[in-house]
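Q: I have a structure here, written as structure tokens, and I will follow up with some questions on it.
The values are calculated or read from the model by the stated rules, or taken from the named source; none is laboratory data. Remember, predicted model here, so these are calculated numbers, not experimental data. Every residue, glycine as well, gets a Cβ built from its backbone with ideal geometry; the counts of neighbours run over all protein chains shown. For the accessible areas, the whole protein counts, side chains as well, though only heavy atoms, and no ligand, DNA or RNA atoms are used. Shrake-Rupley method; radii C 1.70, N 1.55, O 1.52, S 1.80 Å.
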Amino acid sequence: MVVCGDDGLAHRLAAELRGVYGEQVTLVVPPNERTARPPVVGRARSASAALFDRVVSAAVGTVGRSGTGGQPAGAAGGQLPDAEGVLEAAELTEAVLAEAGVARAAALALVYDDDETNIRAALTARRLNPRLRLVLRLYNRRLGQHIEELLDQAAALAAGDDGGPGTAAEASTTVLSDADTAAPALAATAVAGTGRVVQTEGLLLRAVERPLSGEGPGTGLYTLALLSGGDPAGTDAPYGAGEQQPRLLPDDEEVRQAAGRQAVVLEHVSAPAGGESAAPARRAMTGVPPLGSLFSRRLRWSLAVLAGCVVGLAVALWLVTGIHPLRAFYITLLDLFAIDDPAFREPLGRQLLQLLSALVGLLLLPLLLAAALEAFGTFRTASALRKPPRGLSGHVVLLGLGKIGTRVLTRLRELNIPVVCVESDPEARGLATARRLRVPVVLGDVTQEGVLEAAQIQRAQALLAVTSSDTTNLEAVLYARTVRPDLRVVLRLYDDDFATAVYRTLRTAYPQALTRSRSVTHLAAPAFAGAMLGRQVLGAVAVERRVLLFAAVDVDGHPQLEGRTVREAFRAGSWRVLALLGRADTSSSHVLGKGDRVVVAATRRGLAELR
């Protein structure tokens, strides 16, 4: 297998394929990118280092000397492949792909941070090897759908030309986005109680954290994981003596013995609701202000009173003169705007009504002008960045509106969670999304004093730091802790060893607060690896520092599944059948047949065994 990329996802994906699945991998990276890490520039480096040193000093003696919990470097799966498996190339040309062995490879992953580079290389690779399984990293989802269809069609045409009936079946194109893969987990981590959601083909899987009773998961259908004792958001390595390790896909006996422990429980399996529950999210995503928000309450009442006056004048004219009601209303409007002839020789009642109509018309004109100005101001505000309202509370402060931050913002709004964004780049790609969703944005550097206060961090329920700089995220979290020691914080950190040290130190210094660290590559790499192995990975759920994968698997050809019941197909610690696609309810006694397609929750090694 061949992996081509220019950032940490390529390195982690290659390590995942080698270490977990035992595949032979060739990694193609730009020169001097073997140990590449996202750059950390500016004064954020020194400032965050100083802040972190203070916290370490406060917690000294409780954190291990190594800072990695006794794990060797790279134990979390982030080590690089051996030197002979790395090919350095400044550009991904046809010659480079040929040298990497694409013509003989079973799968190719193109995970550059640039969509155009990945598309160009995919077109070249498909020409070199029509049987190749392609996995592309694209941020543009709509373009990705078209690229999938184009490359699959090219593979089908090549199969017809070569006369190989298996070519089209072996060749496939999968377009994934690390932002789409990681955003649900990041959003769910920031908002307690929202759970983790995986949705596909009319099926909705929702997992939540809850304590277990002695009888099992309670109302949940399955227990997906047991969390480590006393460490609901920790790491793989034990922090202290006596702490329990997290356990993925435990059997019934383990669940019964785990009374009192926190667990990730599959709470709901059904078709996604498209009715009332989905309506608020759709309305929030439109970005179109409701009619009532165009005008102030006082102006709406004034217009209503004047409209009533006009109707009353028209009725009075009809009663006084005896003309047709529609003609009476028409004449009243003419009088209202002073475009009718004066009623010199008309009865006294008609003359009085004309004078009253003219007076109402004088009152109506400034109100119409005010309505026009208010409507214009409302639309102008909707097209600009909004500021956080003064009374806002219980919201999530989101730092960073890059690729990841934009997807997380969209996910939070789909869940109807109030959000305030902080972004230092006035040209960030996520500002357009925030403007469309009418989400308040604070433009400024989070390392500067007063920026987080402007986002009203003191009344927020959570802080989600997903900028591209580890030290910026760390500094923002440490400063927020001084303002709100009990604030729930979620950090996006690139390096696993650094994330482990930061997590443990913050947990020691602030034992009453919830702190979690998440790596986008840690969440995304298993999904990319599964796609390279021909698995349709539906989503990834973070369980502490481990990952549980949801995948769609065809039963045909799998002796571990075919001919077995759903209960018998379960293998503790490896995989569990959750549902049959196309069926809202799956009985544990259902016998899996050749035509069935099931959704499984699996560990990374378990998914490798289902090949």
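Q: Go through Arg142, Arg133, Arg196, Arg120 for me and flag whichever is charged (D, E, K, R), in contact with a helix residue (DSSP H, G or I) (Cβ under 9 Å, 6 or more places away or on another chain) and at pLDDT 75 or above.
A: So the residue among Arg142, Arg133, Arg196, Arg120 that is charged (D, E, K, R), in contact with a helix residue (DSSP H, G or I) (Cβ under 9 Å, 6 or more places away or on another chain) and at pLDDT 75 or above is Arg133.
Q: Continuing with the same structure: Being open to solvent by 20 Å² or more (accessible area, probe 1.4 Å) and either among the basic types (Lys, Arg) or at pLDDT below 50 (or both) is the filter here; which residues of the range 219-257 pass it?
A: Once the filter is applied, which keeps residues that are open to solvent by 20 Å² or more (accessible area, probe 1.4 Å) and either among the basic types (Lys, Arg) or at pLDDT below 50 (or both), the range 219-257 yields Thr219, Gly230, Pro232, Asp236, Pro238, Tyr239, Gly240, Ala241, Gly242, Arg247, Arg256.
Q: If you don't mind, another one. Only one of Glu562, Glu544 is open to solvent by less than 20 Å² (accessible area, probe 1.4 Å) and charged (D, E, K, R). Can you tell me which? Lay out the reasoning, then the answer.
A: On the way: Glu562 fails: open to solvent by less than 20 Å² (accessible area, probe 1.4 Å).
When all the criteria are applied, what remains is Glu544.
Q: Assuming Arg576 fulfils every condition listed in (1) open to solvent by less than 10 Å² (accessible area, probe 1.4 Å); (2) in a strand (DSSP E or B); (3) at pLDDT 85 or above apart from one, which condition is it?
A: Failed condition: (1).
Q: Which one is nearest to Pro485 (Cα to Cα) among residues in the range 455-471 that are open to solvent by 10 Å² or more (accessible area, probe 1.4 Å) and in contact with a helix residue (DSSP H, G or I) (Cβ under 7 Å, 6 or more places away or on another chain)? Walk me through it before giving the result.
A: Filtering the range 455-471 for residues open to solvent by 10 Å² or more (accessible area, probe 1.4 Å) gives 456, 458-459, 461, 467-471.
Then drop every residue that is not in contact with a helix residue (DSSP H, G or I) (Cβ under 7 Å, 6 or more places away or on another chain), which leaves 458, 467, 469-471.
Values: Gln458: 10, Thr467: 22, Ser469: 23, Asp470: 20, Thr471: 19 Å.
Among them, the one singled out is Gln458.
Q: Looking at (1) at pLDDT 90 or above; (2) closer than 24 Å to Ser517 by Cα; (3) among the β-branched types (Val, Ile, Thr), find the lone condition where Val40 falls short.
A: Result: Val40 fails condition (1) only.
Q: Within the range 472-485, track down each residue that is within 17 Å of Val396 (Cα to Cα), open to solvent by 10 Å² or more (accessible area, probe 1.4 Å) and without any contact (Cβ under 8 Å) to a residue 60 or more places away in the chain.
A: Val483, Arg484, Pro485
Q: Which condition number in (1) within 20 Å of the chain's Cα centre (by Cα); (2) not in a strand (DSSP E or B) is the one that Thr472 fails?
A: (1)
Q: Of these, Val466, Val477, Val446, Val441, which one is touching a Cys at 6+ places or on another chain (Cβ under 7 Å) and either closer than 20 Å to Arg518 by Cβ or at pLDDT 85 or above (or both)?
A: Numbers: Val466 fails: touching a Cys at 6+ places or on another chain (Cβ under 7 Å); Val477 fails: touching a Cys at 6+ places or on another chain (Cβ under 7 Å); Val446 fails: touching a Cys at 6+ places or on another chain (Cβ under 7 Å).
So the residue among Val466, Val477, Val446, Val441 that is touching a Cys at 6+ places or on another chain (Cβ under 7 Å) and either closer than 20 Å to Arg518 by Cβ or at pLDDT 85 or above (or both) is Val441.
Q: Then there is this: What are the residue pairs meeting all of these: first residue in the range 386-402, first residue more than 15 Å from Ala188 (Cα to Cα) and at pLDDT below 80, second residue in a loop (DSSP other than H, G, I, E, B) and open to solvent by 30 Å² or more (accessible area, probe 1.4 Å), Cβ atoms under 7 Å, and 6 or more apart or on different chains?
A: Within 7 Å, the pairs are Arg386/Arg438.
Q: Of the conditions (1) at pLDDT below 75; (2) open to solvent by 40 Å² or more (accessible area, probe 1.4 Å), Thr378 fails just one. Which one is it?
A: Checking Thr378 against (1) at pLDDT below 75; (2) open to solvent by 40 Å² or more (accessible area, probe 1.4 Å), the one that fails is (2).
Q: Also: Here is a check on your reading of the model: is Leu506 assigned to a helix (DSSP H, G or I) and open to solvent by less than 40 Å² (accessible area, probe 1.4 Å)?
A: Numbers: assigned to a helix (DSSP H, G or I): yes; open to solvent by less than 40 Å² (accessible area, probe 1.4 Å): yes.
So Leu506 fits the description; yes.
Q: Test Thr472 against the criterion of being of a type in the set (Ser, Thr, Tyr) and within 27 Å of Asn140 (Cα to Cα), and give yes or no. If you could, list the steps in order and put the result at the bottom.
A: Values: of a type in the set (Ser, Thr, Tyr): yes; within 27 Å of Asn140 (Cα to Cα): yes.
Spelling it out, Thr472 is indeed of a type in the set (Ser, Thr, Tyr) and within 27 Å of Asn140 (Cα to Cα).
Q: Then there's this: Name every residue in the range 344-374 that is among the charged types (D, E, K, R) and within 18 Å of Gly312 (Cα to Cα), in order of residue number.
A: So the first thing to find is which residues in the range 344-374 are among the charged types (D, E, K, R), and the list is 345-346, 350, 374.
Scanning the range 344-374 gives a single hit, Arg350.
Q: Further question on the same structure: I need every pair where a residue in the range 305-326 that is without any contact (Cβ under 8 Å) to a residue 12 or more places away in the chain has its Cβ under 7 Å from the Cβ of a residue that is surrounded by fewer than 13 Cβ atoms within 10 Å (Cβ to Cβ) and part of a helix (DSSP H, G or I), sequence separation at least 6 or different chains.
A: Trp318/Pro325
Q: Moving on to the next point. Thr189 - would you say it is under 17 Å from Leu128 (Cβ atoms), among the polar types (S, T, N, Q) and at pLDDT below 75? Walk me through it before giving the result.
A: Numbers: under 17 Å from Leu128 (Cβ atoms): no; among the polar types (S, T, N, Q): yes; at pLDDT below 75: yes.
Spelling it out, it is not the case that Thr189 is under 17 Å from Leu128 (Cβ atoms), among the polar types (S, T, N, Q) and at pLDDT below 75.
Q: Hey, another quick one. Working only within the range 82-111, note down all residues that are of a type outside the set (D, E, K, R) and out of contact with any strand residue (DSSP E or B) (no Cβ under 7 Å at 6 or more places or on another chain).
A: Ala83, Ala90, Thr93, Ala95, Leu97, Ala98, Ala103
Q: Exactly one condition in (1) farther than 29 Å from Arg131 by Cα; (2) at pLDDT 50 or above; (3) within 28 Å of the chain's Cα centre (by Cα) is not met by Asp7; state its number.
A: Among (1) farther than 29 Å from Arg131 by Cα; (2) at pLDDT 50 or above; (3) within 28 Å of the chain's Cα centre (by Cα), the lone unmet condition for Asp7 is (1).
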